[in-house]
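Each remark here refers to the structure printed beneath this line.
The values are calculated or read from the model by the stated rules, or taken from the named source; none is laboratory data. Source: prediction; values computed, not measured. Neighbour counts are summed over all protein chains in view; Cβ atoms, including those assigned to glycine, are modelled from backbone coordinates with ideal geometry. We work out accessible area using only protein heavy atoms, side chains counted, and drop any ligands, DNA or RNA first. Shrake-Rupley method; radii C 1.70, N 1.55, O 1.52, S 1.80 Å.
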Amino acid sequence: MHIEYTPNPSTEDVNFLNDQLNKEATGFKYVAPFGFFLRDKNNKIRAGLDGFFMYGAIYTDQLWVAPDCRKLGLGRQLMERVHQLGRENKCKIATVSTMTFLGAQKFYEKLGYIIDFIRPGYANGSSCIFLSKIL
């Protein structure tokens, strides 16, 4: 056997991992990816997020809004859709993480998230903030 580094794994490979985890977690909810994107009239992504369902929780991994579209409520709109999707799938909790240098902590707190913990040790003295919200 050898270890193969894959910088951009295929959807098929990621789905394989999800399927294997789901097989081993009998009796728990499942692991499955999701995403939401806002596109302009030219089909260009102007905002989006992705994440995973993870054993009865919904986790937002990445959220991005184009700089010229910020302060328009698009991030809030996307996150509200995540919460709705979580409730539809009977998730009890929503989770997210953000880096201190991104300045997004207050955004998530306004959505009702609370800090679970902060992990220091990242580049340039930054930390990762882990937050959650009861659905």
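Some points to look at:
- The residues of region 83-135 expose, per residue, 61 Å² of accessible area to a 1.4 Å probe.
- Helix 11-24 axis, angle to the chain major axis (alpha carbon atoms, nearest 10°): 70
- The apolar share of the surface of the chain, taken as the fraction of accessible area on carbon and sulfur atoms (1.4 Å probe, ligands and nucleic acids excluded), comes to 56 percent.
- The packing ranking, built from the mean of other Cβ atoms within 10 Å per residue, places the peptides 14-25, 76-87 in the order 76-87, 14-25, highest first.
- Taking each of K23/K90; K41/K92; K41/K90; K41/K133; K90/K110 in turn, the alpha-carbon distance tops 27 angstrom for K41/K92; K41/K90; K41/K133.
- Taking Cα atoms only, the orientation of helix 74-88 departs from the longest principal axis of the chain by about 40 degrees.
- Dipole of the chain computed with +1 at Lys/Arg Cβ and -1 at Asp/Glu Cβ about the Cα centre; of F101, N15, Y30, farthest Cα towards the positive end is F101.
- Multiplying each eigenvalue of the alpha-carbon gyration tensor of the chain by 5 and taking the square root yields semi-axes of 25, 19, 19 Å, largest first, rounded to whole angstroms.
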